[in-house]
Amino acid sequence: MRLRRLSPWAPVCALIALVCCAGADAAGPAIVVAGEPPGAPKDAAVAPAQEIQLPNKANSLKFAVIGDNGNGEQRQYDVAKQMAAWRARFAYELVLMMGDNIYGSERPQDFVQKFEEPYKPLLDAGVKFYASLGNHDAREQRYYKYYNMDGKLYYSFKAPKEDVRFFALESTYPEPQQIEWFRKELEGSNEKWKICFWHHPLYSSARTHGSETRLRATLEPLLIKNNVSLVLNGHDHVYERIKPQNGIAYFVVGSSGQLREGDLRKGSPLTAKGLDTDNAFMLMEIDGDDLTFVAIDRQGKVFDSGVIKRREPPK
Ligand SMILES: [Fe+2]
């Protein structure tokens, strides 16, 4: 068990169907968010007709997804800048973190350089980050106030809007105790949408790590049985939308700071859409039974989008 000393600052400081998936090229045009005034971007003329737009409804749940972000490098800052720019027209209130939140040393100044500074506009706007821990993260990060983990390595919380519950796991050390907690937590959840996130992907076409098949054997039956609609992971430093597996949607979002260029296996039967040539983050919107998603690159351009229907509870 890898443990690090607690820093003194820490406490303070269905079938689901991917019914509609349209991917523009990574170099494609920026999406026009619904509700934005007309006046298309200059390259809209080449926008694919089927590209999905975020509904951007007033009372929907809007959130962002990042993973493997905390290297403090220019790429992280570039992605963070795009996150802030997008929030000006799509006011998401949460950010889910897939782990490897802080690479290297974890001194107070590292939390500033690798988290607080790049995401300052979001933090200043009251956006709440919810972290899971990756293999590079000290377990003590659970006490860091901006990660909203409330001192817990794994936790769940109800979304502030819509009928949604998020479940965050600690996948580096998935002891039986945690799995049992997860089973009970899923069984006790009545929310229509159950969305899970943790670091290690059950499905991944990346060469470096790939699918965590042992973890999959443990967790997948619980996901299927308990009507989970969506699973978000990181660890591999790419973006990958996995073809739905047993009715569940999976994404790898491990390139919001790190990037492992060319790491996706070409022609993998798992891949619905991938990007391993640039960094990425995601925006999601839940409105009733639909979840609309877009994946955005370091230039702020949408390169993947679609709509996910929530799974129906078993009859
Ligand atoms: Fe990792």
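No lab work stands behind these numbers, since they all come straight from the coordinates. Source: prediction; values computed, not measured. Positions of Cβ are generated from backbone atoms using ideal geometry, with glycine treated the same way; all protein chains shown enter the neighbour counts.
Spin-label pair D110-A91: with each label point 7 Å from Cα along the Cα-Cβ axis, the two points sit 3.7 nm from one another. The string of couplings for the range 153-168 from the Karplus curve (6.51, -1.76, 1.60, θ = phi - 60°) is 6, 9, 6, 9, 8, 7, 5, x, 9, 6, 9, 9, 10, 9, 10, 10 Hz, one whole number per residue in order, with x for Gly and Pro.
What are the chymotrypsin sites (Phe, Trp or Tyr not before Pro) within the range 160-255 that DSSP puts in a loop, where the Cβ has at most 11 other Cβ atoms within 10 Å? Intermediate results must be reported in sequence, preceding the final value.
Values: sites: F166, F167, W181, F182, W193, F197, W198, Y203, Y239, Y250, F251; in loops: W198, Y203.
Counting only loop positions with at most 11 other Cβ atoms within 10 Å, none of the chymotrypsin sites (Phe, Trp or Tyr not before Pro) in the range 160-255 qualifies.
Cβ crowding within 10 Å, taken as a proxy for footprinting-reagent exposure, orders S305, S105 from fewest neighbours to most as S105, S305. Stretching Q74 away from Q177 to a fully extended chain increases their span by 33.2 nm, per 0.36 nm per residue minus the current alpha-carbon distance. The aspartates and glutamates whose alpha-carbon is closer than 12 Å to the alpha-carbon of K273, local same-chain residues fewer than 8 away aside, are D25, E240, D304. In the range 145-249, taking the dipole from charged Cβ atoms about the Cα centre, the farthest positive-side position among Y155, L232, H209 is held by L232. Under 17 Å between alpha carbons, and skipping anything fewer than 8 positions from K145 in its own chain: which lysines qualify? Within the straight-line limit of under 17 Å, K145 reaches these lysines: K114, K120, K128. Taking the fewest neighbouring Cβ atoms within 10 Å as the starting point, the ordered list for R265, R310 is R265, R310.
Is there a pair in K192/K309; K152/K184; K57/K309; K81/K266; K152/K309 whose C-alpha atoms are over 21 Å apart, and which pairs would that be? Provide the component values of the computation, followed by the final result.
On the way: K192/K309 11 Å; K152/K184 16 Å; K57/K309 17 Å; K81/K266 30 Å; K152/K309 30 Å.
Beyond 21 Å: K81/K266; K152/K309.
What's the FRET efficiency of R207 with D290 using the Cβ-Cβ distance as r and R₀ = 41 Å, to the nearest 0.05? With a Förster radius of 41 Å, E is 0.75. For the pair K57 and R214 in one chain, pulling the backbone fully straight at 0.36 nm per residue adds 52.5 nm over the alpha carbon distance. Going from the residue with the fewest nearby Cβ atoms within 10 Å to the one with the most, D263, D297 rank D263, D297.
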